[in-house]
Amino acid sequence: MISRTRKGAVAALLTCALAVPLLGAAPASATHRARHAVQEVPSAGAPELPRPAGPHPVGRRTLHLVDRDRTDPWVPTARGRELMVSVSYPARSAGTGTGTPAPYMTVEEARLLLEARGLGGVVPASTLAGTRTHARVGAAPARGRFPLVLLSPGFGMPRATLTSLADDLAARGYVVAAVDHAHESVGTEFPGGRVPPCVACEEVDPGPEQAAVVRGRAADLSFVIDELTDGRRAGSLSRVIDSRRIAAAGHSMGGAAAAATMAVDRRVRAGVDLDGNFFVDDAGAGIGRRPFMMLGAENTHTPGGDITDWDGAWDRLHGWKRWLTVQGAGHFSFTDLPWLGKRLGLPDPTPLPAERSWEITRDHVGAFLDLHLRGIPQPLLDGPTAAHPEVAFHRP
């Protein structure tokens, strides 16, 4: 079990997560002067996520999964390990007008996320929660079987921050499961309106405990695969998943979890790390010749840097691999947050425009999955391109 001593080193752990400005605002621990400046930023109406590029309408189901065989590492008295999972999937064309629009997050989830970033009272929680998505609850799944992609968010972040990527991949013909790990998010609502506190945010120090978080998430993702591919538990969703084609991806610590899942679960054929350190000493070991891509910000993940631990992981990867960095990107450039921040009237904390952040993430993750789960050649991943001059290829 992970140590439960309160050590007060949250800021150090979250250097690659919560301590990075969110939606252009100062972090919760910022000075009074910075807080005052943020309060002067006007908020706009409810924003809309980028429209998916694929041909399929997108359906959405939200699942509450409980692994009764595992003890929650943060609350040992809890009855099993709880997860909230949003499953985006290709829907039938006839389902475009059926069902109801899928919500972005609940008002309470939005309130807690905004408060964690020092934006309480700046952006109304109802505005963020009302963000318009392009998925519909109740849409019938499309006929056929589609590859499965697991998404894990950054430490402290809710799964909603990867909604644009999930829905875009679903529109391209993937079933995508975005996973919230209990007690590791500043705000995730469970059935009955329960919002468990982010116990991990208060109790994890840099070092061995970070590795334990990563390995715990790997167990979570393997459990999600078990549940989604079991017809008795997932029902119609299991019938549209091709269990021979599974990938894992994630942002920040979620990217580390993707690699760790591959190391312990041979069902996962490919993985992507979006700007996350790996946190484990043996990162990359166990993946073998399965493909893995690392896509991150240039200022933190350039080879030989003092912050990144990608160098060691790179040497342990023996199959198809790519190390890509994006000039001008920030830590959250690979999530929904820059896109939402711009539409909420908040200042952009990074040189890379929000639209370019989204296009680069969408294009490269989509190309990687199309290449390795569908066998479709992808020149975009062969080397630098004129269409994406911000993206540098390292260590060919």
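The values are calculated or read from the model by the stated rules, or taken from the named source; none is laboratory data. Quantities reported herein were computed from a predicted structural model and do not represent experimental measurements. Cβ sites come from the backbone with ideal geometry, for glycine too, and all protein chains shown count toward neighbours. We work out accessible area using only protein heavy atoms, side chains counted, and drop any ligands, DNA or RNA first. Shrake-Rupley method; radii C 1.70, N 1.55, O 1.52, S 1.80 Å.
Considering only protein heavy atoms, what per residue accessible area in square angstrom results for the chain with a 1.4 angstrom probe? Can you show the working numbers first?
Numbers: 15200 Å² over 396 residues.
In whole numbers, the chain has 38 Å² accessible per residue.
Take the alpha carbon atoms of region 108-156, find their center, do the same for region 295-358, and report the distance between the two centers in whole angstrom.
Cα centroid to Cα centroid, the span is 21 Å.
With only Lys, Arg, Asp and Glu charged, each at its Cβ (+1 for the first two, -1 for the last two), find how big the charge dipole of the chain is about the Cα centre; round to the nearest 20 debye. The partial results should precede the final answer.
Details: 43 positive and 41 negative charges, 269 e Å.
Dipole of the chain, to the nearest 20 debye: 1300 debye.
Sort 248-256, 287-295, 370-378, 83-91 by packing, meaning the average of other beta carbons within 10 Å per residue, with the highest value first. Intermediate values should be presented prior to the final figure.
Details: 248-256: 31.1, 287-295: 21.7, 370-378: 15.8, 83-91: 25.0.
Final packing ranking: 248-256, 83-91, 287-295, 370-378.
Going from most exposed to least, what order do R81, R362, R51 have by accessible area with a 1.4 Å probe? Kindly include the intermediate steps, with their values, before the conclusion.
Values: R81 0, R362 50, R51 165 Å².
Largest accessible area first, the list is R51, R362, R81.
Using only the alpha-carbon atoms of region 141-269, report the extent along each of the three principal axes, biggest first, to the nearest angstrom.
Dimensions of region 141-269 along the principal axes of its Cα atoms: 45, 35, 28 Å.
Would you mind checking which residues have amide H under 5 Å from H318's amide H? H placed 1.01 Å from N; only 5 or more apart, or other chain.
When sequence neighbours closer than 5 places are left aside, the close amide H contacts are G288.
Using every alpha carbon pair in region 301-396, what percent of pairs falls into each 10 Å bin from 0 up to the bin containing the largest distance?
Computed distribution, short to long bins: 14, 41, 35, 10, 1.
In percent, what relative contact order does region 160-318 have, based on Cα pairs under 8 Å that are 6 or more apart in sequence? Show your work: numbers first, answer last.
Values: 236 pairs, mean separation 22.7, N = 159.
Relative CO of region 160-318 lands at 14 percent.
What is the gain in length, in nm to one decimal, between R194 and D242 on full extension, counting 0.36 nm per residue of separation less the C-alpha to C-alpha distance?
Between R194 and D242, full extension yields 14.0 nm more.
Tell me whether region 77-185 comes out rounded, prolate or oblate; compute the Cα gyration tensor, take square roots of the eigenvalues as a ≥ b ≥ c, and use a/c under 1.5 as the rounded threshold.
Numbers: a/c = 2.28, a/b = 1.45, b/c = 1.57.
Judged from the Cα gyration tensor, region 77-185 comes out oblate (a/c at least 1.5, b/c at or above a/b).
Find how much the distance from Q378 to W320 grows on full extension, using 0.36 nm per residue of separation minus their present alpha carbon separation; answer in nm with one decimal.
Details: separation 58, 0.36 × 58 = 20.88 nm, distance 1.30 nm.
The span from Q378 to W320 would gain 19.6 nm if fully extended.
In whole percent, and with a 1.4 Å probe on the protein chains, what portion of the accessible area of the chain is carbon and sulfur? Can you show the working numbers first?
Numbers: 8120 of 15200 Å².
In the chain, the share of accessible area belonging to carbon and sulfur is 53 percent.
Counting DSSP beta bridges with both partners in the chain, what percentage is antiparallel, nearest 5? Can you show the working numbers first?
Details: 24 of 55 bridges.
Beta bridges within the chain, antiparallel portion: roughly 45 percent.
Output ³J(HN,Hα) for region 175-187: one whole-Hz value per residue in order, computed from phi by the Karplus curve 6.51 cos²θ - 1.76 cosθ + 1.60 with θ = phi - 60°, and x for Gly and Pro.
Karplus-based 3J(HN,Hα) across region 175-187 equals 8, 10, 10, 8, 10, 9, 9, 3, 6, 10, 10, 5, x Hz.
Determine the percent antiparallel among the DSSP beta bridges restricted to region 91-192, to the nearest 5.
Details: 3 of 8 bridges.
Antiparallel bridges: around 40 percent, rounded to the nearest 5.
If you work out Kirkwood radius over Cα pairs in Å from the coordinates, which of (1) 22.6; (2) 20.8; (3) 21.5 do you get?
Given (1) 22.6; (2) 20.8; (3) 21.5, the structure-derived one carries the label (2).
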